[in-house]
Amino acid sequence: MKLYALNMFQPEGSIPPPEVLGKVMAELAEVRRELEAAEAWVFGAGLHSQDASTVVRLQGDEVVATDGPFAEGKEFLGGITIIKVEDLDAALEWAGQYARITGLPIEVRPFQGEV
């Protein structure tokens, strides 16, 4: 089995209204229950907005922390789900469900090694 990160990218801007977001969250909860039933769910959570991020980097011999994301863009990493599945095809199937529900791009990235 391999571990895959399903990274959900969301656009900058306001959060959808409760009547829209509530439906999306309910559908995502159903996918999570399906992942759990398939023993494929490992971990998942939403992230705070990019305004809450801090970047740590080495400058010379000093480690410096700065506010904000590493790169500026119109989209930011809004959530991550880690799944354990047989192969990339299976990971893409699950990611497709997330993309259909949210309408957002989902990056599928394998972890190195086997589990």
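Comparing TRP94, MET25, THR81 along the charge dipole axis of the chain, the residue lying farthest to the positive side is MET25, per the Cβ-charge model. Annotation: the chain has a Kirkwood hydrodynamic radius of 15.7 angstrom, from the mean reciprocal C-alpha pair distance.
Summing Lys, Arg as +1 and Asp, Glu as -1, what charge do residues with Cβ under 14 Å from the Cβ of GLY96 carry, GLY96 excluded? Taking every other residue near GLY96 into account, the sum is -4. Return the calculated 222 nm mean residue ellipticity for the chain, to the nearest 500 deg cm²/dmol, obtained by summing -39500 (n - 2.57) across DSSP H runs with n ≥ 4 and dividing by the residue count. Calculated at 222 nm, the ellipticity per residue is -10500 deg cm²/dmol. Candidate cross-link partners of LYS84 among the lysines, defined by an alpha-carbon separation under 28 Å and a same-chain spacing of 8 or more, comprise LYS2, LYS23.
Database remark: amide H of PHE111 closer than 5 angstrom to the amide H of LEU3, TYR4, ALA5 (H placed geometrically; neighbours at sequence offset of 5 or more, or on other chains; Pro and chain starts carry no H). What net charge is computed for the residues neighbouring LYS2, neighbours being all others with C-beta under 12 Å from the C-beta of LYS2, Lys and Arg scored +1, Asp and Glu -1? The answer is -2. The angle between the Cα long axis of helix 88-102 and the main principal axis of the chain comes to about 80°, on a 0 to 90 degree scale.
Taken about its Cα centre, the chain carries a charge dipole of about 140 debye when Lys and Arg each add +1 at the Cβ and Asp and Glu each add -1 at the Cβ. For helix 18-37, what angle does its Cα long axis make with the longest principal axis of the chain, in degrees from 0 to 90 and rounded to 10? Relative to the chain, helix 18-37 is tipped by roughly 70 degrees.
Highest mobility in the GNM of the chain, judged by mean-square fluctuation with C-alpha springs under 10 Å and restricted to ILE80, ILE101, ILE15, is found for ILE15.
Rule-based calculations on the coordinates, nothing more; no lab input. Since we're looking at a predicted model, the values are computed, not measured. In this analysis, Cβ positions are derived from the backbone assuming ideal geometry, glycine residues included, and neighbour counts consider all displayed protein chains.
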